[in-house]
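All remarks here apply to the structure that follows.
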Amino acid sequence: MNRLLALLCLSFVTVAATAADKPNIIFILCDDLGTGDVKCLNPEGKIATPHMDRLAKEGMTFTDAHSGSSVCTPTRYGVMTGRYAWRTKLQSGVLGGLSPRLIEQGRLTVANMLKAQGYSTHCIGKWHLGMDWQRTGEVSALNIETPEQVKNVDYAKPITNGPTSVGFDTYFGISASLDMVPYCFIENDHVQANPTETMKLEMNAAGDRKSFTREGPGSPGFRGEDVLPTLTQRATKLIQGKAAAAKKGEPFFLYLPLNSPHTPILPSEKWVGKSGISLYADFVMQTDDTIGQIMRATEENGIAKDTLIIVTSDNGCSPSADYPKLATFGHNPSAIYRGHKADIFDGGHRVPFIARWPAKVKADQKSAQLVCLTDFTATAAEITGTKLPDNAAEDSFSFLPALLGESSEATRQSVIHHSINGSFALREGAWKLELCAGSGGWSDPRPGSPGEKGLPNTQLYNLESDIAEKTNVQDKNPEIVAKMTVQLEKIVADGRSRPGAVQQNAVEVVLRKPTPAAKPKKKAK
């Protein structure tokens, strides 16, 4: 690990930046939280989110923010590396809880970059980027493992190539989504308690149906309801423990990827019924409370002023939230946007993005600048005075000038969207080009469905006049389709979108490839 960090330190250059300019950084990544679930972003929403609302009131809200993908693993790869995940071997779908490491050996991550800048680095929460378990048999590498494969791991043996191998000093959390095996906590490179039992968790899925997560190994006494409170407690304790050093100019980075409000929808007992709407709404409220506890931990320990807190989500809300039931209360997790998690439509990847840094960021600000979660790496680099090398953060643009109110000029001119089945879209200005006939995900028209048949294989929307993506105008604007297609092809072929030397993608990236229909929600999280 030390040798790897030494090599990485040689690959980028530090420019002038004093300790006082380096804030503590807390990046909170909610799981499947819709942009319409946050009250300050959706005044018509019916779920109370007072802590996120306060964060926005005391900081800046980016209103045109997008995840790198409409599902979680590829978005998390982008957060950590500043690179689109479709440049890797993962071309569609997500990893499982037993999948091997996705982040390539030697690739710069935001964690090892900040570590080289004197930060202590910590990850608490849902990883879902693969780690190398001690396997005794075959385990799927690029998708969720089969029921038979969950037995092909020696859980008592140390885990390699997890979060502590990519720049984090410490790790505590779960390997993937909470509806994936194994049902246990991991601390650094080992399970906290050997998962010797066979268990499954209640999903609390849409409507009154009873369903359960995948059956597999779990630690004795492990309960899904305990995960979010445990992660919250760990995070607040870490902040308390790091506060004294932070005041002395020794900053910390906390990456806090939550398990909520993703399935299984399991709010703690004290939160059940709080919303008066549904268990999903209760879980969103509990998620907001976690964010409030993190905010208070920085405030009570005297480090709030010099701490940058970012709150966002890995993709749009899942249909497991039960959109029809929420609609009866007048609530739409996707707000005014079409689609939801897994889709190429904006409901799949437009996410909340709120940042507070009292020492530098003016209160109650909004920015309409286009941002992507891959931009976190370049922003952290600019904050710390790090010059990124050409072979790192290829798709990352710093939003620091906008955050500080120094410039209204956009640093990112376009963004590429990616759906669960591997469909591509390019957003540039008001225009959004989608290289598929339907949703590319779980909403209608689904890939391969009767509703998709006969539709044009290209979609073009003007989001300035049609934010809900209702009217496909590709036939009326062939020149825009042609121009944007060429631009998309260039970004793919160059191996980067940030200016610099051409880089290589890990595999050939096919923009219009035949793909099977997206799997049902209960089989692909």
### Query
Among the residues of region 419-434, how many are outside any loop (DSSP other than H, G, I, E, B) and open to solvent by 10 Å² or more (accessible area, probe 1.4 Å)?
3
### Index of the failed condition, THR160 passing every other in (1) at pLDDT below 95; (2) surrounded by fewer than 16 Cβ atoms within 10 Å (Cβ to Cβ); (3) more than 20 Å from VAL94 (Cβ to Cβ)
(1)
### Summary
Counting only residues that are assigned to a loop (DSSP other than H, G, I, E, B) and in contact with an Asp or Glu (Cβ under 8 Å, 6 or more places away or on another chain), region 72-92 contains a total of 4
### Query
Can you spot a residue in region 141-148 that is among the hydroxyl-bearing types (Ser, Thr, Tyr), part of a loop (DSSP other than H, G, I, E, B) and free of Cβ contacts under 8 Å to residues at least 60 places away in the same chain?
yes
### Query
Is at least one residue of region 253-268 more than 25 Å from the chain's Cα centre (by Cα) and either over 24 Å from GLU202 (Cα atoms) or β-branched (Val, Ile, Thr) (or both)?
no
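Residues checked against (1) touching a Lys or Arg at 6+ places or on another chain (Cβ under 7 Å); (2) open to solvent by 20 Å² or more (accessible area, probe 1.4 Å); (3) not basic (Lys, Arg):
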| residue | (1), (2), (3) |
| --- | --- |
| GLU269 | no, yes, yes |
| LYS274 | no, yes, no |
| TYR280 | no, no, yes |
| PHE283 | no, no, yes |
| ASP289 | no, yes, yes |
| GLU300 | no, yes, yes |
| THR307 | no, no, yes |
| CYS317 | yes, no, yes |
| ALA335 | no, yes, yes |
### Task
Could you tell me whether region 397-406 includes any residue that is at pLDDT 95 or above, of a type in the set (Gly, Ala, Ser) and under 23 Å from TYR337 (Cα atoms)?
no
#### Entry: Residue check, THR35 among the polar types (S, T, N, Q), open to solvent by 10 Å² or more (accessible area, probe 1.4 Å) and under 18 Å from ALA355 (Cα atoms)
yes
### Query
Given the structure, is ASP375 of a type in the set (Asp, Glu) and crowded, with 24+ Cβ neighbours inside 10 Å?
yes
### Task
Only one of these is in a helix (DSSP H, G or I), of a type outside the set (S, T, N, Q) and either on the phi < 0 side of the Ramachandran plot or open to solvent by 10 Å² or more (accessible area, probe 1.4 Å) (or both): GLY348, GLY339. Name it.
GLY348
## Note on the structure
Taking region 93-140 and keeping residues outside any loop (DSSP other than H, G, I, E, B) and hydrophobic (A, V, I, L, M, F, W, C) leaves VAL110, ALA111, MET113, LEU114, ALA116, CYS123, ILE124
#### Entry: Subset of region 435-446 (residues that are open to solvent by 10 Å² or more (accessible area, probe 1.4 Å) and either in contact with a Gly (Cβ under 7 Å, 6 or more places away or on another chain) or in contact (Cβ under 8 Å) with a residue 24 or more places away in the chain (or both))
LEU435, CYS436, TRP442, SER443, ASP444, PRO445, ARG446
### Query
Quick check: is even one residue across region 354-367 more than 20 Å from SER318 (Cα to Cα), β-branched (Val, Ile, Thr) and buried (at least 22 other Cβ atoms within 10 Å of the Cβ)?
yes
### Task
Quickly run through region 175-198 and pick out the residues that are in a strand (DSSP E or B), over 19 Å from PHE212 (Cα atoms) and of a type outside the set (A, V, I, L, M, F, W, C).
GLU187, HIS190
### Of all residues in region 478-490 being touching a residue at least 24 places away in the same chain (Cβ under 8 Å) and within 15 Å of GLY429 (Cβ to Cβ), the one that is most open to solvent (accessible area, probe 1.4 Å)
GLN487
### Positions within region 219-250 being open to solvent by less than 30 Å² (accessible area, probe 1.4 Å) and part of a loop (DSSP other than H, G, I, E, B), in sequence order
SER219, PHE222
### Query
Taking VAL191 and the conditions (1) open to solvent by 60 Å² or more (accessible area, probe 1.4 Å); (2) at pLDDT 95 or above, which numbered condition does it fall short on, given that it satisfies the others?
(1)
### Message
I'd like the residue in region 84-120 that is farther than 30 Å from GLY249 by Cα and of a type in the set (D, E, K, R) and, out of all such residues, is least open to solvent (accessible area, probe 1.4 Å).
### Response
ARG87
### Task
Can you confirm whether region 58-71 contains a residue that is assigned to a helix (DSSP H, G or I) and at pLDDT 95 or above?
no
### Sole exception among (1) assigned to a loop (DSSP other than H, G, I, E, B); (2) farther than 18 Å from LYS89 by Cα; (3) modelled with pLDDT of 95 or more; (4) in contact with a Cys (Cβ under 9 Å, 6 or more places away or on another chain) for VAL415, by number
(1)
### Task
Within region 162-175, identify whether any single residue is touching a Pro at 6+ places or on another chain (Cβ under 6 Å) and more than 23 Å from THR374 (Cα to Cα), and answer yes or no.
no
### Single residue of GLU382, GLU409, GLU394 found to be acidic (Asp, Glu) and outside any loop (DSSP other than H, G, I, E, B)
GLU382
### Query
Out of curiosity, is SER260 in contact (Cβ under 8 Å) with a residue 24 or more places away in the chain, hydroxyl-bearing (Ser, Thr, Tyr), open to solvent by less than 20 Å² (accessible area, probe 1.4 Å) and in a loop (DSSP other than H, G, I, E, B)?
yes
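The values are calculated or read from the model by the stated rules, or taken from the named source; none is laboratory data. This structure is a prediction, so every number in the text was calculated from the model and none was measured. Cβ sites come from the backbone with ideal geometry, for glycine too, and all protein chains shown count toward neighbours. Side chains are part of the model used for accessible areas, which takes the heavy atoms of the whole protein and leaves out ligands, DNA and RNA. Shrake-Rupley method; radii C 1.70, N 1.55, O 1.52, S 1.80 Å.
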